[in-house]
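Participant: Here it is: the structure, laid out below.
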Amino acid sequence: MNILVTGGAGYIGSHTCIALLEAGHSVIIADNLCNSKREMIGKIMDIADKEVTFYEIDVSSAEAVNIIFENYKVDGIIHFAGLKAVGESVEKPLNYYYNNIVSTMVLAKVCQKYGVNRLVFSSSATVYGNNKVPFVETMDLLPTTNPYGETKAISERILTDIAIANPAYSVSLLRYFNPVGAHESGLIGEAPNGIPNNLMPYVTQVAKGKLEKLRIFGNDYPTVDGTGVRDYIHVVDLAEGHVAALENLTEGVHVYNLGTGKGTSVLELVKAFEEANAIEVPYEIVDRRPGDIASCYADASKAKRELGWTAKRDLLSMCRDAWQFEKKYKE
Ligand code: NAD
Ligand code: WQD
């Protein structure tokens with residue numbers, strides 16, 4: 001299939017482009033490079049040893065997106081493009097609502113215009129809010145604590161309503177848990193701008209000596225050791241989940257958790273990182289981070305049952321691959 005990958009130069013999108021190419025699909029990337037670099041396109045082609053087509057465009061512009069559909073027969077879209085920094089979304093809500101929601105609506109409209117019925121959307125476990133773990137797809141969504149999370153819940157709702165009104169549509173809403181790690185080549189991975197917000201890139205930068213020590217946000221949660229519990233998933237497993245979702249799309253709207261189903265605490269992750277890489281990660285315990293929940297992990301059984309997909313890579317490989325990328329990566 002010819003797949004349009006929006007946000008394909010980003011962290012999850014780039015790994016997914018490789019998985020798509022390896023599965024025999026053709027890839028057209030649309031990315032405005034607001035949070036990625038052009039060199040990523042060359043790296044994707046080098047790793048997969050295949051060509052991709054690249055459009056440097058903003059996918060919230062219908063005019064720009066139309067050009068792709070005039071030039072190519074697109075069979076399906078995987079829509080990653082979006083802004084994703086939770087804290088920034090609180091400071092600049094309009095940027096987040098505009099970018100993330102308008103781009104979803106533009107793509108849905110272009111799909112209608114050109115008769116493209118297959119769409120896979122990047123959602124997030126954040127839409128479950130503070131539900132009881134494990135999170136199951138059938139749960140009512142609870143309000144999230146930030147505009148970023150709201151853009152995911154609203155985009156899910158928009159795509160669901162469109163699919164209900166157009167029975168030929170096949171839409172998959174993928175709720176990712178905590179993607180970490182990097183491609184085994186060490187050539188691509190997560191390279192956040194500035195000081196990282198997320199745990200794994202913070203840990204790798206401490207290990208590298210770029211940051212002095214990890215600050216662990218709270219050790220008084222009702223969890224195994226008091227630190228926050230999350231469902232970390234290797235980004236390559238996540239990428240393969242997208243190929244499975246795309247290849248198993250059926251009419252209607254389908255929601256899938258993409259996680260491992262296993263919760264890991266912050267201290268357990270630090271210990272695994274030290275063990276996997278034989279390197280020390282100094283840390284201190286500080287206050288809880290506002291907006292954090294105690295535990296977040298998936299019931300991952302639906303994706304296994306319906307897509308035949310399950311995460312294969314363990315926490316040690318996530319830590320090894322994240323560290324391998326960090327060591328090689330130069331800003
Ligand atoms: P990323 O920032 O690395 O990738 C997003 C890409 O989209 C970037 O290359 C950016 O330049 C591009 N982009 C943003 N707005 C655009 C626009 N209007 N037009 C064209 N390109 C645009 O982020 P990621 O971690 O790869 O996340 C991909 C998707 O998955 C996002 O929608 C994100 O919200 C979602 N998600 C991410 C996580 C996570 O922890 N990384 C978890 C759950 C969901
Ligand atoms: C993980 C755990 C922290 C940093 C975020 C978004 C979510 C999704 C994924 C997009 C928590 C602790 C972290 C640090 C720490 N993104 N921590 N010290 O918050 O689960 O999810 O990214 O959809 O929407 O909210 O991920 O990696 O920030 O935190 O102790 O320096 O690590 O408190 O328990 P989070 P995270």
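The values are calculated or read from the model by the stated rules, or taken from the named source; none is laboratory data. Keep in mind that what you see is a predicted model, and the values were worked out from it rather than measured. Backbone-built Cβ (ideal geometry, glycine too); neighbour counts: all protein chains shown. In case anyone asks, the SASA skips ligands and DNA or RNA and just uses the protein heavy atoms, side chains included. Shrake-Rupley method; radii C 1.70, N 1.55, O 1.52, S 1.80 Å.
Participant: State whether the residues of the range 151-173 include one that is assigned to a helix (DSSP H, G or I), more than 13 Å from ligand 2 (Cβ to nearest atom) and among the hydroxyl-bearing types (Ser, Thr, Tyr).
Facilitator: yes
Participant: For a quick check of your reading of the model, give me the residue pairs whose first member lies in the range 125-148 and is hydroxyl-bearing (Ser, Thr, Tyr) and within 16 Å of ligand 1 (Cβ to nearest atom), whose second is open to solvent by less than 50 Å² (accessible area, probe 1.4 Å) and not in a loop (DSSP other than H, G, I, E, B), with beta-carbon atoms closer than 6 Å and at least 6 apart or on different chains.
Facilitator: Sorted first by the residue in the range 125-148, then by its partner, the pairs are 126/149; 128/135; 144/126; 148/89; 148/96.
Participant: Identify all residues within the range 205-237 that are open to solvent by less than 20 Å² (accessible area, probe 1.4 Å) and either among the charged types (D, E, K, R) or under 25 Å from residue 174 (Cβ atoms) (or both); write none if there are none.
Facilitator: Across the range 205-237, the qualifying residues are 228, 229, 231, 232, 233, 234, 235, 237.
Participant: Within the range 277-296, can you find the residues that are within 27 Å of the chain's Cα centre (by Cα), closer than 16 Å to residue 265 by Cβ and away from ligand 1 (no atom under 16 Å from the Cβ)?
Facilitator: Selection gives 281, 283, 288, 294, 295.
Participant: For the range 238-280, how many residues meet the condition of being polar (S, T, N, Q) and open to solvent by 20 Å² or more (accessible area, probe 1.4 Å)?
Facilitator: Within the range 238-280, residues that are polar (S, T, N, Q) and open to solvent by 20 Å² or more (accessible area, probe 1.4 Å) number 4.
Participant: With the requirement that a residue be in contact with a strand residue (DSSP E or B) (Cβ under 7 Å, 6 or more places away or on another chain) and either under 23 Å from residue 182 (Cα atoms) or away from ligand 2 (no atom under 11 Å from the Cβ) (or both), what does the range 216-227 give you?
Facilitator: Matches in the range 216-227: 216, 224, 225.
Participant: Here's something else I'd like to know. Among the numbered criteria (1) under 30 Å from residue 272 (Cβ atoms); (2) within 15 Å of ligand 1 (Cβ to nearest atom); (3) open to solvent by 20 Å² or more (accessible area, probe 1.4 Å); (4) assigned to a loop (DSSP other than H, G, I, E, B), which one does residue 182 miss?
Facilitator: (3) is the only condition that residue 182 fails.
Participant: Residues in the range 14-36 that are within 22 Å of residue 234 (Cα to Cα), in contact with a Lys or Arg (Cβ under 9 Å, 6 or more places away or on another chain) and open to solvent by 20 Å² or more (accessible area, probe 1.4 Å): how many?
Facilitator: Within the range 14-36, residues that are within 22 Å of residue 234 (Cα to Cα), in contact with a Lys or Arg (Cβ under 9 Å, 6 or more places away or on another chain) and open to solvent by 20 Å² or more (accessible area, probe 1.4 Å) number 2.
Participant: Look through the range 185-204, keep the residues that are aliphatic (A, V, I, L, M) and farther than 26 Å from residue 295 by Cα, and return whichever of them is surrounded by the most Cβ atoms within 10 Å (Cβ to Cβ).
Facilitator: The selected residue is 188.
Participant: Name the single residue that is most open to solvent (accessible area, probe 1.4 Å) among those in the range 37-63 being outside any loop (DSSP other than H, G, I, E, B) and without any contact (Cβ under 8 Å) to a residue 12 or more places away in the chain.
Facilitator: 63
Participant: Additional query: May I ask you to verify whether residue 144 is surrounded by 15 or more Cβ atoms within 10 Å (Cβ to Cβ) and modelled with pLDDT under 95?
Facilitator: yes
Participant: Then there's this: If you check every pair at least six apart or on different chains, which have Cβ atoms under 7 Å apart with a residue in the range 281-307 that is open to solvent by less than 30 Å² (accessible area, probe 1.4 Å) first and a residue that is of a type in the set (D, E, K, R) second?
Facilitator: So the pair list comes out as 281/274; 296/230; 296/231; 298/231.
Participant: So, in the range 82-134, of the ones that are in a loop (DSSP other than H, G, I, E, B) and of a type in the set (Gly, Ala, Ser), which residue ends up most open to solvent (accessible area, probe 1.4 Å)?
Facilitator: Among them, the one singled out is 115.
Participant: Can you pull out the residues in the range 1-13 that are over 14 Å from the mean Cα position of the chain (by Cα) and either crowded, with 24+ Cβ neighbours inside 10 Å or part of a strand (DSSP E or B) (or both)?
Facilitator: 2, 3, 4
Participant: Out of the residues in the range 256-287 that are under 15 Å from residue 219 (Cβ atoms) and in a helix (DSSP H, G or I), which is nearest to ligand 2 (Cβ to nearest atom)?
Facilitator: Within the range 256-287, the match that is nearest to ligand 2 (Cβ to nearest atom) is 266.
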